[in-house]
Each structure stands twice: as C-alpha cells, then as structure tokens.
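A short worksheet on the structure shown next.
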Amino acid sequence: MIVRNWREIQPWLFEGDAEDWRIFSQIGKKEKEDYMPIYNRTAVCLKTILYLSYARLHPGGAYVAHANIDEGQQSEEIYCFINGRGTVRWGENDIRKVSTGDTFYTPGGQIHHLINDGDEWIDFIAWGADVTEEKIRPGVVKNWRTSHPVLWHGWGIRWRMLDKIGNNPEDGSIPCQRVLNYADYCWLQGESSCEPHALQGEEAVFFIISGKGVIRVGKEKEKIRNGDAIYIPPDTEHQLINDHEEPIQLFALGAGV
Ligand SMILES: [Fe+2]
C-alpha cells in the first residue's frame, strides 16, 4: 500500500518560483541531479505515469517558460488547479486565464509558462507521461464543471475532464491525451463507499483534495485525508470508503501499463 502526504516530503524549487513536492516517481527513471536529494523521499512506484507532484506558486510568482523535454524524451503534462487563479501561456500567442477547478493539458514538446497574477497562492497537482509527438499541438484548458457528471463506482460522482485521443466521450471531456487514459475530478458523499473493483491493465493515482476516509488496496487498509496521494497498482482490487459526514473530493488519473 502506498499512501503519501505531500506535507511529509521535502520541497524543491522548480525552474522559477514554484515549490514542488514530488510524491511519486517512475520505476527506473533517471532523475535530474538537482532534485536527487529529495528523490529518495518520493515513492518510486509508477509504471507508465512519469511523476505526481503537489506544487504551490505565490502571488506574483511565475514558472519560467519550459518544455517537457528531458534528454530528447518528450512528455505530456497535466496541471489540476486546487486553488488560486493565474495565466497560462503556450508558445508566444496562446494565452488563457486559469482558476480553481481548471485542469490544463500541455502536449509533449510544447513550451508553457504559468504566472500567478492573482492575490492568492496557486495550489495544483502536476503529473505527466512520456509520449512520442509528430508535431507541436495546442494546449487545452478544461474545467470539471463543464463536463456531465457520471456515477463513479456505485456511490460517487465523477466529472471526466480529459480523455485519450481516439475516445469519443459523451460526457463533455476533451480527448487530447496520447498516453494517459483519463483525468477525473471525483466526489464521494459522506458515509458511503465505492464498490470494490480492479482496473485491468491500468495503474491509477488518486489525490485527495478534501475530506477524510479509508482506502483499501488488496487486503490492506489505510486512513486517508486531504493532501494524500494513493497509488493503485494494476489489476488490484481497491475501495474508497468515506466514514465521515463530509464528502471526499479527489482527482484521479489513470494510464495503461
Ligand atoms: Fe510543465
């Protein structure tokens, strides 16, 4: 069972002003030396997903423009906003406002830049996957509120924000991802439990935005709370249990292995 809270991890400064807590890393991935000191404190468990980070950017701060290219390997990347508002820019001319509830998708090799021009801290999670791109594609902004809700394992609700290219979603999600299967915002009401299930040939990561409960993965059970990230290995039965009155809000991301 792998559950980690970002508060237990030492941050590093990502190119610019953002503090980044790397929660999960990929098995066998060679990490850059500048965050090697904290590398040992991340859980190395991911197969297809490259990493999961929690990040904060102060008002007036900016991520410098960067492209997700590491030693020639490109990666697609998703930022899911928990708090705050800002401006994202892809390339020179594609500029959009982003705020709480938004997720934005950056294709492999695309240069992107995030500025906190609001009055509050921006809190977000970031994750990615290695891709092969034929050409530079535009970025995507999607708010979960503009998708249709769908029942989530019996008792929860999910809003799919992003989907894989080739899928033809009817829930309003945007199919833009090459390797990642989905990015969902989910909600589990108080005092209820998802039906136990396993994901065939797919790993998943949950990030708990708010609420408290219990996660069961295989035979193991662990308490969870806001700020926790949970790794769900492929083909493993799991169940999210809300044993409190307040709802659990989370982001869920999946990828084939
Ligand atoms: Fe990035």
Open item on the list: Condition check: near the ligand (Cβ under 10 Å from one of its atoms), crowded, with 18+ Cβ neighbours inside 10 Å and assigned to a strand (DSSP E or B). Does residue 63 satisfy that?
Closed with: yes
Task: Cβ pairs under 9 Å, 6+ apart, first in region 102-127 and under 20 Å from residue 144 (Cβ atoms), second among the aliphatic types (A, V, I, L, M) and in a loop (DSSP other than H, G, I, E, B) - done: 106/67
- [ ] From the list 174, 157, pick out the single residue that is within 19 Å of residue 255 (Cβ to Cβ), surrounded by fewer than 21 Cβ atoms within 10 Å (Cβ to Cβ) and either aromatic (Phe, Trp, Tyr) or modelled with pLDDT of 95 or more (or both).
- [x] 174
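Only one residue in 122, 136 is β-branched (Val, Ile, Thr), within 26 Å of residue 11 (Cβ to Cβ) and assigned by TED's automatic domain parsing to the domain that holds residue 90. Which one?
122
Here's the yes/no breakdown for (1) touching a Ser or Thr at 6+ places or on another chain (Cβ under 8 Å); (2) closer than 20 Å to residue 250 by Cβ; (3) within 13 Å of the ligand (Cβ to nearest atom):
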site	(1), (2), (3)
72	no, no, no
84	yes, yes, no
90	yes, no, yes
97	yes, no, no
114	yes, no, yes
130	yes, no, no
141	yes, no, no
144	yes, yes, no
TODO: Report the residue count in region 179-191 for those that are in contact with a strand residue (DSSP E or B) (Cβ under 6 Å, 6 or more places away or on another chain) and either at pLDDT below 95 or among the polar types (S, T, N, Q) (or both).
DONE: 1
Task: Neighbours by Cβ (under 6 Å, 6+ apart or cross-chain): first from region 79-94, in contact (Cβ under 8 Å) with a residue 40 or more places away in the chain and part of a strand (DSSP E or B); second away from the ligand (no atom under 14 Å from the Cβ) and of a type in the set (A, V, I, L, M) - done: 82/209
Open item on the list: Here's a check for you: in region 99-112, which residue that is away from the ligand (no atom under 13 Å from the Cβ) and outside any strand (DSSP E or B) is farthest from the chain's Cα centre (by Cα)?
Closed with: 100
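The values are calculated or read from the model by the stated rules, or taken from the named source; none is laboratory data. Just so it is clear, the structure is predicted and the values come from calculations on it, not from any experiment. Note that each Cβ is placed from the backbone with ideal geometry, even for glycine, and that neighbours are counted across all protein chains shown.
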